[in-house]
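Visitor: Take this structure first; my questions come after.
Just so it is clear, none of the values below were taken in a lab; they were calculated from the coordinates. In this text, all values refer to a predicted model and were calculated from it rather than measured experimentally. For neighbour counting, all protein chains shown are included, and Cβ atoms are generated from backbone atoms with ideal geometry for every residue, glycine included.
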């Protein structure tokens, strides 16, 4: 029921589309450990050198990829966190102090998918 009390219906799901999405979700999950390792490695470098360009670039690239694919896979919360980090780079306001907390949230959410 909608908020106004009207019945709502959803469009039928194409089985081929659903199978394709399931395969993409599985592929995304299969690559999670590597993504987490790359992000954690970059964070470790930035804790020692907050200006480490390669580490910042690794975070930017990984978050950009996650922001692009996660919402399509039904992972809107993860996509939103990654989009905020990606936007910080796009708006040239990315610095390690500003990225640390959102990156920790993203890592926790990604690690939650491994369970």
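Visitor: So, how do all the Cα-to-Cα distances of the chain break down into 5 Å bins, in percent, from 0 on up?
Guide: 2, 11, 19, 20, 15, 10, 8, 6, 4, 3, 1, 0
Visitor: Taking Cα atoms, how many degrees apart are the long axis of helix 96-114 and the longest axis of the chain, rounded to 10 and kept between 0 and 90?
Guide: 50
Visitor: Let me ask another. Taking 7 Å along the Cα-to-C-beta vector as the label spot, tell me the residue 30-residue 77 distance in nanometres, rounded to one decimal.
Guide: Placing both labels 7 Å along Cα→Cβ, they lie 2.6 nm apart.
Visitor: For helix 76-90, what angle does its Cα long axis make with the longest principal axis of the chain, in degrees from 0 to 90 and rounded to 10?
Guide: Here the helix axis deviates by roughly 40 degrees.
Visitor: As a test of the formula, what do you get for the chain when each DSSP H run with n ≥ 4 contributes -39,500 (n - 2.57) and the sum is divided by the residue count, at 222 nm and rounded to the nearest 500 deg cm²/dmol?
Guide: -24500 deg cm²/dmol
Visitor: Specify the angular offset, from 0 to 90 degrees and rounded to the nearest 10, of the alpha carbon long axis of helix 32-48 from the longest principal axis of the alpha carbons in the chain.
Guide: Here the helix axis deviates by roughly 30 degrees.
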